[in-house]
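The values are calculated or read from the model by the stated rules, or taken from the named source; none is laboratory data. From a predicted model like this one, the values you see are computed outputs, not experimental measurements. Virtual Cβ from ideal backbone geometry, glycine too; neighbours counted across all protein chains shown.
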Amino acid sequence: MGSQKVIVIGGGAAGFFGAIAIAEANPNLRVTILEASQQVLAKVRISGGGRCNATHSCFDPVELIQNYPRGSKALRGAFTRFQPGDTVAWFEDRGVALKTEADGRMFPTTDDSATIVDCLQLAASNAGVRVKMGAAVTAVRQIASESPQFEVQLKNGEVMGCVRLLLATGSSPQGHRIAKSLGSKIEPTAPSLFTFNIPERKLTQLAGVSVPVAELKLTVPGPDPTDKKAQTKLQQNGPLLITHWGLSGPAVLKLSAWGARALKNSRYQAKLWVNWLPAHNLEDIQQQLSQGKQDAPRKQIINHRPFLFPQRLWEYWVHRAGISPETRWTELSKKSLMRLSQELHQGEYNVQGKGVFKDEFVTCGGVSLKTVNFKTMESKACPGLHFAGEVLDIDGVTGGFNFQSAWTTSWLAGQAIALAP
Ligand SMILES: Cc1cc2nc3c(=O)[nH]c(=O)nc-3n(C[C@H](O)[C@H](O)[C@H](O)COP(=O)(O)OP(=O)(O)OC[C@H]3O[C@@H](n4cnc5c(N)ncnc54)[C@H](O)[C@@H]3O)c2cc1C
């Protein structure tokens, strides 16, 4: 392609990674990133609570794709070409070491997202990538499709030309409008990775209490709440955290991701069942409670816990089962014992809204994957136009999967653009 111009729209994770891939693989190309705001890589900077959870230590593509509520099928092949192991090596080659936490999340060893931001900026600068800030793109026109040529219109009236385009505008509606104007189908958007609002005072008073593993079942009603067939039913296991607003933690965030569309449609009204003791079945729980009766008959129930849980949580369950705190074990009726077992095994909660998970959130929906060639990330409707990152209808659960899909799709797009005839 000689010293032809390539424009990358969007200076986020995908835009930078893609621009670097293009410029490193083909130094003859003149690569410019156009960024609407005055700050590049803004989300990388605030990501992972300021530590940037850059990827996840899952190196098998088949296992990896299970973390993507949308995009898993298309990503399978893509991950055979660039996956978390390649991300680790990419950063290591540029002097940034990543470490793995117990749950598999990978962060820079500095625990500082600035390390990733600086690395990407330095790599871009070393590869000769130009970055133009305050450069919001309002429209793109394809003026020739056989040897692709584009006219990129900026908000300030400037018009720039290029032979290939990488659209990496994240969840921005403007990016979706540009893609649509160039023939892409756009899947409706919905927020993903949020916490559940459960306005129950006794629960929210326990804010900060967590359990290492709970099993959650969620039922989201369809448009007709009485139609059981229209319900969406989901299940997840994992750590659970009580907050000032309701419930959070990986198990809830995963449910929010898999149920993102259904929950948006139900206006975030749903029924949640919590099994606080997934290692025990109902009979086990009943038996252990009966044992409590034998072990400490004269003690008040709240003062003798048959399970290893925080005292406050135990008191809460006893309250929820309708048992007065003064009740002694010997006074516990069979009916109350059953209610308490049920509370531990399948406590029922009303989700009435969504909250914000500050460490990570993402938008599902965007450019339909049906209209994209996943070998090159090129639009099937518009030759010369490539996509990467969150602009696509791809999103992952929390844990570094969203950056990984941004690295993978932008690397693939970058290789294809660099090597295009
Ligand atoms: C608070 C928070 C924390 C997160 N933490 C993590 C984490 O730790 N790990 C993880 O895997 N994921 C995390 N994510 C998700 C992750 O940040 C995104 O998936 C990722 O940033 C997507 O990268 P992107 O480049 O596609 O989009 P973005 O990062 O959104 O970048 C898009 C860029 O395009 C620019 N742009 C948009 N429209 C135009 C236009 N018309 N013209 C010019 N420029 C335009 C935007 O200004 C923006 O800079 C987090 C998200 C948030 C919000």
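Filtered by the rule that a residue be of a type in the set (Lys, Arg) and part of a loop (DSSP other than H, G, I, E, B), the stretch 293-345 gives ARG298, LYS299, ARG305. Restricted to the stretch 341-358, and to residues there that are under 22 Å from the mean Cα position of the chain (by Cα) and exposed (fewer than 15 other Cβ atoms within 10 Å of the Cβ), the residue that is nearest to TRP273 (Cα to Cα) is VAL356. One residue stands out among those in the stretch 155-197 that are within 26 Å of the chain's Cα centre (by Cα) and among the basic types (Lys, Arg): the one that is nearest to the ligand (Cβ to nearest atom), which is ARG177. Report yes if some residue within the stretch 284-302 is surrounded by 14 or more Cβ atoms within 10 Å (Cβ to Cβ) and either of a type in the set (Phe, Trp, Tyr) or touching a Gly at 6+ places or on another chain (Cβ under 7 Å) (or both); otherwise report no. No. Among the residues of the stretch 186-194, not a single one is of a type outside the set (Gly, Ala, Ser), outside any strand (DSSP E or B), surrounded by fewer than 21 Cβ atoms within 10 Å (Cβ to Cβ) and touching a residue at least 12 places away in the same chain (Cβ under 8 Å). Within the stretch 364-395, being within 7 Å of the ligand (Cβ to nearest atom) and either surrounded by fewer than 23 Cβ atoms within 10 Å (Cβ to Cβ) or among the small types (Gly, Ala, Ser) (or both) holds for ALA388, GLY389. Considering only the stretch 221-231, I want to know if a residue exists there that is out of contact with any helix residue (DSSP H, G or I) (no Cβ under 6 Å at 6 or more places or on another chain), in a helix (DSSP H, G or I) and of a type in the set (Lys, Arg). The answer is yes, given that some residue of the stretch 221-231 is out of contact with any helix residue (DSSP H, G or I) (no Cβ under 6 Å at 6 or more places or on another chain), in a helix (DSSP H, G or I) and of a type in the set (Lys, Arg). Which is surrounded by fewer than 22 Cβ atoms within 10 Å (Cβ to Cβ), at pLDDT 95 or above and more than 28 Å from LEU193 (Cβ to Cβ), of ALA416, ALA420? Step by step, each of ALA416, ALA420 is checked, and only ALA416 is surrounded by fewer than 22 Cβ atoms within 10 Å (Cβ to Cβ), at pLDDT 95 or above and more than 28 Å from LEU193 (Cβ to Cβ).
Which one of these is within 14 Å of the ligand (Cβ to nearest atom), buried (at least 20 other Cβ atoms within 10 Å of the Cβ) and farther than 18 Å from ALA388 by Cβ: LEU75, LEU98? It would help to see each step written out before you state the result.
On the way: LEU75 fails: farther than 18 Å from ALA388 by Cβ.
The match here is LEU98.
In the stretch 319-340, is there at least one residue being touching a residue at least 40 places away in the same chain (Cβ under 8 Å), under 36 Å from the mean Cα position of the chain (by Cα) and closer than 19 Å to GLY246 by Cβ? Taking every residue of the stretch 319-340 in turn, at least one turns out to be touching a residue at least 40 places away in the same chain (Cβ under 8 Å), under 36 Å from the mean Cα position of the chain (by Cα) and closer than 19 Å to GLY246 by Cβ.
Of the set (1) more than 13 Å from the ligand (Cβ to nearest atom); (2) part of a strand (DSSP E or B), all apply to PRO421 but (2). The set of residues from the stretch 35-55 being near the ligand (Cβ under 7 Å from one of its atoms) and loosely packed, with under 14 Cβ neighbours inside 10 Å comprises just one member, SER37.
Being more than 27 Å from GLN38 (Cα to Cα), hydroxyl-bearing (Ser, Thr, Tyr) and in the same structural domain as ASN53 (by TED's automatic domain parsing) narrows it down to one residue among THR138, THR80, THR110, THR115; which is it?
Of the residues listed, the single one that is more than 27 Å from GLN38 (Cα to Cα), hydroxyl-bearing (Ser, Thr, Tyr) and in the same structural domain as ASN53 (by TED's automatic domain parsing) is THR80.
If you go through the stretch 267-283 and keep only what is crowded, with 19+ Cβ neighbours inside 10 Å and touching a strand residue (DSSP E or B) at 6+ places or on another chain (Cβ under 6 Å), you end up with TYR268, ALA270, LEU272, VAL274, ASN275, TRP276. Kindly establish whether LYS217 is assigned to a strand (DSSP E or B), assigned by TED's automatic domain parsing to the domain that holds TRP314 and surrounded by fewer than 18 Cβ atoms within 10 Å (Cβ to Cβ). Spelling it out, LYS217 is indeed assigned to a strand (DSSP E or B), assigned by TED's automatic domain parsing to the domain that holds TRP314 and surrounded by fewer than 18 Cβ atoms within 10 Å (Cβ to Cβ).
Report, by residue number, each residue of the stretch 234-254 that is part of a strand (DSSP E or B) and within 20 Å of TYR68 (Cβ to Cβ). The answer is LEU234, GLN235, GLN236, ASN237, GLY238.
Does GLU200 satisfy the criteria of being among the acidic types (Asp, Glu), within 15 Å of the ligand (Cβ to nearest atom) and surrounded by fewer than 18 Cβ atoms within 10 Å (Cβ to Cβ)?
Details: among the acidic types (Asp, Glu): yes; within 15 Å of the ligand (Cβ to nearest atom): no; surrounded by fewer than 18 Cβ atoms within 10 Å (Cβ to Cβ): yes.
No; evaluated as a whole, the condition is false for this residue.
With (1) out of contact with any Leu (no Cβ under 9 Å at 6 or more places or on another chain); (2) at pLDDT below 95; (3) hydrophobic (A, V, I, L, M, F, W, C) as the list, and MET1 as the residue in question, which single condition is left unmet? Of (1) out of contact with any Leu (no Cβ under 9 Å at 6 or more places or on another chain); (2) at pLDDT below 95; (3) hydrophobic (A, V, I, L, M, F, W, C), only one is false for MET1: (1). Within the stretch 7-32, the residues that satisfy the criterion of being assigned to a strand (DSSP E or B) and within 11 Å of the ligand (Cβ to nearest atom) are ILE7, VAL8, ILE9.
In the stretch 75-126, the qualifying residues are those that are under 30 Å from LYS370 (Cβ atoms) and of a type in the set (Phe, Trp, Tyr), and the one that is farthest from the chain's Cα centre (by Cα) is TRP90.
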